[in-house]
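Written out below as structure tokens is the structure these notes cover.
The values are calculated or read from the model by the stated rules, or taken from the named source; none is laboratory data. Here the structure is a predicted model, which means the values were calculated and not measured. As a convention, Cβ positions derive from the backbone with ideal geometry for all residues, glycine included, and neighbour counts pool all protein chains shown.
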Amino acid sequence: MKSIKLELKWAVIFIVMMLTWMLMERVLGFHDERIELHPVITNFVAIPAILVYILALRDKRKRHYPNKMTYWNGFKTGLIITAIVTVFSPLMQYITSAVISPDYFENVIAYSTANDLMPEEDARAYFNMESYIVQTVMFTPIMGVFTSALVALFFIRKN
């Protein structure tokens, strides 16, 4: 098996970017006083996430496939990054929920019930560490495969 140092590097960059984004959301109040904006604002993380994949595939093409990079070469690189990030996604979620924003679950439960978005029992079942870890382990590979498939289209280079 070929070395995956480059993919590991970009997976670490992706993880740091995600944790930085979560810290930014918390500092800007989207986990407490502006929690009503959180469902919209959090989706903007797709922009730096896609950018990381773009930079990773550009780096891979430059270093490993200077004259020819097939779709499969780019897609495979994205899949390896996705696999590494997926393995670390429970830890990322734990760091986000326990260290960066330990009050988030209580805040979102309070907001959801106060605004009649869902009954408290449902909110508690959905907004908790276990639920979010399951969601992140399921969502990370889906979005990573989709992003890899899309970004790889732009890095095909033939002789």
Which number in (1) at pLDDT 95 or above; (2) touching a strand residue (DSSP E or B) at 6+ places or on another chain (Cβ under 8 Å) marks the one condition that Ile156 misses?
(1)
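Within region 65-82, which residues are among the hydroxyl-bearing types (Ser, Thr, Tyr), in a helix (DSSP H, G or I) and over 28 Å from Phe30 (Cα atoms)? Show your work before the answer.
To start, the set of residues in region 65-82 that are among the hydroxyl-bearing types (Ser, Thr, Tyr) comprises 65, 70-71, 77, 82.
Next, from what is left, pick out any that are in a helix (DSSP H, G or I): 71, 77, 82.
Once the filter is applied, which keeps residues that are among the hydroxyl-bearing types (Ser, Thr, Tyr), in a helix (DSSP H, G or I) and over 28 Å from Phe30 (Cα atoms), region 65-82 yields Tyr71, Thr77.
Would you check which residues across region 75-100 are among the aliphatic types (A, V, I, L, M) and under 24 Å from Leu6 (Cβ atoms) and list them?
Looking only at region 75-100, we keep the residues that are among the aliphatic types (A, V, I, L, M), and these are 79-81, 83-85, 87, 91-92, 95, 98-100.
Result: Leu79, Ile80, Ile81, Ala83, Ile84, Val85, Val87, Leu91, Met92.
Check Thr20, Thr70 and return the single one that is among the hydroxyl-bearing types (Ser, Thr, Tyr) and within 22 Å of Pro102 (Cα to Cα). Outline the logic, then answer.
Numbers: Thr70 fails: within 22 Å of Pro102 (Cα to Cα).
After applying the criteria, what remains is Thr20.
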Please enumerate the residues belonging to region 114-153 that are buried (at least 16 other Cβ atoms within 10 Å of the Cβ) and among the hydroxyl-bearing types (Ser, Thr, Tyr).
Tyr132, Thr136, Thr140, Thr147, Ser148
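Can you tell me which residues in region 55-82 are of a type in the set (A, V, I, L, M, F, W, C) and buried (at least 16 other Cβ atoms within 10 Å of the Cβ)?
First pass over region 55-82, keeping only residues of a type in the set (A, V, I, L, M, F, W, C): 55-57, 69, 72, 75, 79-81.
The answer is Ala56, Leu57, Met69, Phe75, Leu79, Ile80, Ile81.
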Pairs with Cβ under 7 Å, 6+ apart, first in region 133-156 and over 29 Å from Ile95 (Cα atoms), second of a type in the set (Val, Ile, Thr) and assigned to a helix (DSSP H, G or I):
none
In the list Val108, Val99, Val85, which residue meets the criterion of being surrounded by fewer than 16 Cβ atoms within 10 Å (Cβ to Cβ), at pLDDT 95 or above and either assigned to a helix (DSSP H, G or I) or touching a strand residue (DSSP E or B) at 6+ places or on another chain (Cβ under 8 Å) (or both)?
Val99
